[in-house]
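Novice: My questions will all concern the structure given below.
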Amino acid sequence: IPNPPVVISVSQDTGISSTDKLTKDSTLTITGTGNAGDTITIYDGTTPVGTALVGPDGKWTVTTSVLADGGHNLDVTATSPLGFEGLASSAGFWTIDTVAPSQPVLANNNGLPQVTGSADPGTTVSVVIGGATYTTLVDQNGNWTINLITDVPASGTAPAINTGTFPISVYSTDAAGN
């Protein structure tokens with residue numbers, strides 16, 4: 001019976017952090033090591049979603065089949081050339097989120113320097129005005145506000161807002177990076 005394979009990495013973590021196991025990619029590439037000649041199988045629960053042979057150097061790479069949006073408990077097993085399957089190693093619980101958030105709504109902002117609107121709760125809204133990009137987190141009620149005088153732009157230089165008309169672009173990003 002082969003030893004459990006060693007999982008070295010799972011790529012495509014596009015979430016807020018590189019370790020939150022949240023991704024907008026519906027296929028994952030998993031790498032690791034094992035015994036040369038063993039067959040590696042990736043399971044989503046009890047369903048196989050990818051296989052590969054361990055190379056002569058003891059390394060393997062598997063790209064999963066397309067995973068549906070939602071949670072996936074991924075385990076990895078090795079099966080010897082004689083057909084004996086060993087114990088599983090965990091590749092972790094991954095959340096797939098391929099759905100982009102709704103386009104944020106910009107409220108009537110005749111009262112600059114404050115820009116307000118609504119968007120999906122928990123998303124990050126970016127507002128581009130005068131060459132500067134401001135970002136803010138949408139609250140649990142779906143509201144967001146950016147103050148062009150007190151808030152610091154995430155990039156670019158804050159425009160001089162005295163008088164005049166300023167084009168405003170607004171977009172949002174969810175925790176998976178959509």
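The values are calculated or read from the model by the stated rules, or taken from the named source; none is laboratory data. Because the structure is predicted, anything quoted here is derived from the model rather than measured. Using ideal geometry, Cβ is built from the backbone for each residue, glycine included, and neighbour counts are taken over all protein chains shown. Side chains are part of the model used for accessible areas, which takes the heavy atoms of the whole protein and leaves out ligands, DNA and RNA. Shrake-Rupley method; radii C 1.70, N 1.55, O 1.52, S 1.80 Å.
Novice: Taking a temperature of 20 °C and a viscosity of 1.002 mPa s, what whole-number D in µm²/s does Stokes-Einstein yield for segment 131-171 with Rh from Kirkwood over alpha carbon pairs? It would help to have the intermediate numbers written out before the result.
Specialist: Working: Rh = 11.6 Å.
In µm²/s, the coefficient rounds to 185.
Novice: Enter the accessible area of I168 (Å², nearest 10), with the probe set to 1.4 Å and all protein chains included.
Specialist: 50
Novice: Once the piece of chain linking T157 and S9 is laid out straight, how much longer is it, given 0.36 nm per residue of separation minus the C-alpha distance between them? Could you put the intermediate results ahead of the total?
Specialist: Details: separation 148, 0.36 × 148 = 53.28 nm, distance 3.86 nm.
Between T157 and S9, full extension yields an extra 49.4 nm.
Novice: Related question: In Å and from the alpha-carbon atoms only, list the Rg and Dmax of the chain.
Specialist: My reading of the Cα-based Rg and Dmax gives 23.1, 78 Å.
Novice: Follow-up. At 10 °C and a viscosity of 1.306 mPa s, what translational diffusion coefficient does Stokes-Einstein give for segment 59-112, taking Rh as the Kirkwood radius over Cα pairs? Give it in µm²/s as a whole number. Please list the in-between numbers first.
Specialist: Working: Rh = 15.6 Å.
For these conditions, the coefficient is 102 µm²/s.
Novice: Can you give the relative contact order of segment 1-79 as a percent, counting alpha carbon pairs under 8 Å and 6+ residues apart?
Specialist: Numbers: 173 pairs, mean separation 26.0, N = 79.
About 33 percent, as a whole number.
Novice: Would you please classify the overall shape of segment 2-47 from the alpha carbon gyration tensor, given that a ≥ b ≥ c denote the square roots of the eigenvalues, rounded means a/c under 1.5, and beyond that prolate means a/b larger than b/c while oblate covers the rest?
Specialist: Numbers: a/c = 2.80, a/b = 1.93, b/c = 1.45.
The shape class here is prolate.
Novice: Could you state the accessible area per residue of segment 63-111 in Å², with a 1.4 Å probe and every protein chain left in place?
Specialist: Details: 2700 Å² over 49 residues.
That works out to 55 Å² for each residue.
Novice: How many nm is it between the label spots at T145 and A68, if each spot is 7 Å from the Cα in line with the beta carbon?
Specialist: Placing both labels 7 Å beyond Cα along the Cβ direction yields 4.2 nm.
Novice: Here's something else I'd like to know. For segment 80-178, take the alpha-carbon Rg, divide it by the Kirkwood Rh, and send me Rg/Rh.
Specialist: Values: Rg = 20.8 Å, Rh = 15.8 Å.
Taking Rg over the Kirkwood Rh, I get 1.31.
Novice: Gap in Å between the Cα centre of segment 63-100 and the Cα centre of segment 118-169?
Specialist: Each part reduced to its Cα centre gives a spacing of 40 Å.
Novice: Any idea what the dipole of segment 1-136 comes to, in debye rounded to 20, about its Cα centre with Lys/Arg Cβ at +1 and Asp/Glu Cβ at -1? Can you show the working numbers first?
Specialist: Numbers: 3 positive and 11 negative charges, 48 e Å.
The calculation lands at about 240 debye.
Novice: To the nearest 0.05, how large is the calculated FRET efficiency for T79 and S17 if R₀ is 30 Å and r is the Cβ-Cβ distance? Mind showing how you got there, number by number?
Specialist: Numbers: r = 34 Å, r/R0 = 1.12.
According to the calculation, E is roughly 0.35.
Novice: Which length gain, in nm to one decimal place, applies between A36 and T135 when the Cα-Cα distance is subtracted from 0.36 nm times their residue separation?
Specialist: On the way: separation 99, 0.36 × 99 = 35.64 nm, distance 4.92 nm.
Residue separation times 0.36 nm, minus the Cα-Cα distance, leaves 30.7 nm.
Novice: Solvent-accessible area of T27, probe 1.4 Å, all protein chains present, reported in Å² to the nearest ten, please.
Specialist: My reading of the accessible area for T27 is about 40 Å².
Novice: Using the charge dipole of segment 20-135 (Lys, Arg: +1 at Cβ; Asp, Glu: -1 at Cβ; taken about the Cα centre), state which of N35, Q103, V62 has its Cα farthest towards the positive end.
Specialist: The residue sitting most towards the positive pole is Q103.
Novice: Take the alpha-carbon positions of segment 1-95, form their convex hull, and give its projected area averaged over all directions (one quarter of the hull surface) in nm².
Specialist: Numbers: hull surface 21.7 nm².
For segment 1-95, the mean projected area of the Cα convex hull comes to 5.4 nm².
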